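Notes to accompany the following structure.
The values are calculated or read from the model by the stated rules, or taken from the named source; none is laboratory data. Because the structure is predicted, anything quoted here is derived from the model rather than measured. Every residue, glycine among them, receives a Cβ derived from its backbone with ideal geometry; neighbour counts consider all protein chains shown. Accessible surface areas use protein heavy atoms only, side chains included; no ligands, DNA or RNA. Shrake-Rupley method; radii C 1.70, N 1.55, O 1.52, S 1.80 Å.
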Amino acid sequence: MSFSANIEKLKPSATIKVSTLAKSLVAEGRDIVNLGAGEPDFDTPLFIADAAVNGVRSGQTRYTPPAGLPELRQAIADHLGARAGREINWKGVVVSAGVKQALFNTFFSLCGPGDEVLVAAPYWTTYPALVMLARAEPVTVFGAESNSFKVVPSDLEGVVSEKTKGLVLNTPCNPTGAIYTLEELRELSVWAKGRGVWIVSDEIYRNIYFGAQGDTAPGILNLPEDDVGKFILVDGASKSYAMTGWRVGFSYSGVEIAQKFTALQSQITSNTATPSQVAALEAFRNVEAASSAIAEMGVAFRRRRDLVIALMDRLLPGVPYIQPEGAFYLYFRVDGLFEVDENDATTWCSRLLQEHGVALVPGAAFGDDRWVRLSFAASDALIEEAFTRIVVMVGTGATV
Ligand code: PLP
């Protein structure tokens, strides 16, 4: 059967594939430790869920404008304004069905055949896929491993061309947990401005940050305005408020491009589900309750981050990993652990899952199949169990 050129190169999300396989093995009765999932293991805070239930009961069940409830756009603008320390125009905010849709809007509206988009790697698996859906070419660019793979302008100089339309940055990064410092971001922003390249800044993990307690990771809005050229900021409710299933993300951009995103959404999805918007409104508006929920989850993420690092150092000494400064992933290199006939992390992960019941995501999903991603959005007991099984498989003889 032949399909259109639009979806010629489209593959299902590799991270979702692992999660789905792990869930189906559980359904078959297998004892699986699933550290493949990219979502917080917490329930949505009750004050948010209650707002949605009350909204549904009081009839907030009809279409909203395609860019979202005006009061939600305003609440998001206020939230961004507090980050930026300046007023943010709510008309630049477009509410989408998750950051995924905001990114689709971005690439579909900004690029097309003949354009290239630089994607800092290792990358979240969806960026290249969405660039390709817009029929543009993703160009991956790795920073130095010694710099947690973060890219610097000289890395970009090696790959930029007259076709370059955009640069995708993700900080805190999925899969490495790396954070760009404000100065690193400034240098990249100045470079992009000089080159006339759009920055697409995905800051969805911004609140899951292991710097000073209570702080958030630096983002593009923290930069001096003069150092920033064209940009689209994407963020959402999924990770910060444990709301992955509600599907609420947003973009913030200039008003003209926001209107294009709105037109696009008006033709394909209309609005993000209204009850989900009502829930998000509470999350963004009730700053006090939201901050304490974020802080509570943050304590658990920080403890688990410390736990996985301690386990790596003790049980798998010499196995390279990136120190996570944010998000909830540990990215480590497994080519030194391959069996003789194994050539990639995909095979290694498949053996780990089938024979030892641990689901991790192979680095093929992120651009380098010598590495794997472990999600530590799981209880301490499950994390320890996963390490026990990994150690059994690689046969170091260490005990948890
Ligand atoms: N951006 C990154 C870096 C992610 O890891 C994810 C989800 O895993 C998303 C965006 C998608 O988030 P959403 O649930 O808002 O579509």
Using a Gaussian network model of the chain with C-alpha springs under 10 Å, which one of 228, 33, 53 is most mobile by mean-square fluctuation?
-> 53
Dipole of the chain (Lys/Arg Cβ +1, Asp/Glu Cβ -1, origin at the Cα centre): which of 95, 194, 42 lies farthest to the positive side?
-> 95
Which trypsin sites (Lys or Arg not before Pro) in segment 1-87 pass both tests, a DSSP loop state and at most 16 other beta-carbon atoms within 10 Å?
-> 9, 30, 62, 86
Residues in segment 131-162 that a label on residue 9 would reach, taking backbone N under 18 Å of a point 7 Å out along Cα→Cβ = 131-142, 159-162
The chain: calculated mean residue ellipticity at 222 nm from DSSP helix runs of at least 4, using -39500 (n - 2.57) | -13000 deg cm²/dmol
DSSP bridge orientation in the chain - percent antiparallel, rounded to nearest 5 | 45
Relative contact order for the chain, counting Cα pairs under 8 Å that sit 6 or more residues apart, in percent | 23
Using Cα pairs under 8 angstrom and six or more residues apart, how large is the relative contact order of segment 28-149, in percent?
-> 16
GNM on the chain, Cα springs under 10 Å; top mean-square fluctuation among 60, 323, 265 goes to 60
Pairwise Cα inverse-distance average, inverted: Kirkwood Rh of the chain (Å) | 21.7
For segment 2-97, state which chymotrypsin sites (Phe, Trp or Tyr not before Pro) are in a DSSP loop and have at most 13 other beta carbons lying within 10 Å of their beta carbon.
-> 3, 63
Report, to the nearest whole %, how much of the accessible area of the chain belongs to carbon and sulfur atoms, 1.4 Å probe, protein only.
-> 52
Scan segment 150-255 for GluC sites (Glu not before Pro) in coil per DSSP, keeping those whose Cβ has at most 11 other Cβ atoms within 10 Å, and list them by number.
-> 162
Once all protein chains are kept in place, residue 321 shows an accessible area at probe 1.4 Å, nearest 10 Å², of 60
Pairs of Cα atoms under 8 Å, at least six residues apart: use those to get the relative contact order of segment 135-182, whole percent.
-> 27
DSSP H segments from the chain that extend 18 Å or more along their own axis, Cα-based, with Kyte-Doolittle mean of 0.5 or above = 14-27, 98-110, 380-394
